[in-house]
């Protein structure tokens, strides 16, 4: 069977085509549009747009080579990030922007190589974990703005 848009073959219930919205399998990307080569290893994305070679991402736009991210925009090679913008090679970060090679960061901007940082200030792992717990208890947690 072939994809009706780009004429690529459907193999093992996975569509490896440039328009994931044509994915008709249970293993595919749900509600994704204009994604390229996502789901090639059976990692499912949901509600993503214009992404390339990503897996298990949700509501991301224009990302590439990301895994397990949520609501990220224009990120590259990130994993387990949430609400990040134009980040590269970051993991386990939230609400960061224009950052590179960071891990376990929250609200960082233009950061390079930071680990366990909040608003560009590196902390000991234990202190970082405690502050993140406090932030998550806040009633405003989902709407907390990143460092401006």
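Placing pseudo-labels 7 Å out from each Cα toward the beta carbon at residue 121 and residue 135 gives an inter-label distance of 1.2 nm. Kirkwood radius for the stretch 50-128, taken over all pairs of different Cα atoms as the inverse mean of 1/r, rounds to 11.6 Å. If I take R0 = 22 Å and measure r between the Cβ atoms of residue 33 and residue 109 in this structure, what FRET efficiency does the formula 1/(1 + (r/R0)^6) give, to the nearest 0.05? For R0 = 22 Å, the calculated efficiency reads 0.15. Within the stretch 83-142, all pairs of alpha-carbon atoms sorted by distance into 5 Å bins from zero give the percentages 5, 21, 34, 21, 16, 4, 0. Counting 0.36 nm for each residue step from residue 101 to residue 70 and taking away their Cα separation leaves a gain of 9.4 nm.
Only the coordinates and a few stated rules stand behind these numbers; no lab work does. Since the structure is predicted, the reported quantities are computational estimates derived from the model, not experimental observations. A quick note on method: Cβ atoms are made from the backbone with ideal geometry, for glycine too, and the neighbour counts reach across all protein chains shown.
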